[in-house]
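Undergrad: Please read through the structure below; I'll follow up with questions.
No value in this document is a laboratory result; all are computed from the given coordinates. Because the structure is predicted, anything quoted here is derived from the model rather than measured. Quick reminder, even Gly has a Cβ in these numbers, built from the backbone with ideal geometry, and neighbours come from all protein chains shown.
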Amino acid sequence: MLGSAASYMVTPAIALWVWRQERSILTSGLPLDALQQEDARRVGVQFPERVRLRIVDNIPPRLHPMLRTLCRRCGLANTVGMCLRYGIYLDAEYWGDRS
């Protein structure tokens, strides 16, 4: 994993990336339908009506090269979705797959 000095440099970059991505998804993403909102409530989402989905071909999309390397090291490559607070990236292959 990363040393403590490196993590101090990476953390602000990750926080900024997450904030930007969430804002983008919330602006142009799809709202959850009624069944998806009920599922979200069941798993503890307090405000499922705020959640938006963006369907993408690759997760995580548009990463800074430094963050892409970190994701690979943490095992985040080849995932089907990524939740960034109320913004969610979902792999297009899994759109419509409730599980």
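Undergrad: Report the paramagnetic label zone for ARG85: residues of segment 10-36 whose backbone N is under 19 Å from a point 7 Å from Cα along the Cα-to-Cβ axis.
TA: 11-32, by backbone N distance to the label point.
Undergrad: Along the charge dipole of segment 22-99, Cβ charges K/R +1 and D/E -1, which of VAL45, VAL56, CYS71 sits furthest on the positive end?
TA: Going by the charge dipole, the pick is CYS71.
Undergrad: Using the basic label-point model (7 angstrom from Cα toward the beta carbon), what is the ARG42 to ASN58 distance in nanometres?
TA: Simple spin-label model gives 3.4 nm for this pair.
Undergrad: So, one more: Pull out the extension gain between GLU49 and GLU93, defined as 0.36 nm times the separation in residues minus the alpha carbon to alpha carbon distance; nm, one decimal. Let's see the in-between values first.
TA: Working: separation 44, 0.36 × 44 = 15.84 nm, distance 2.37 nm.
Here the answer is 13.5 nm.
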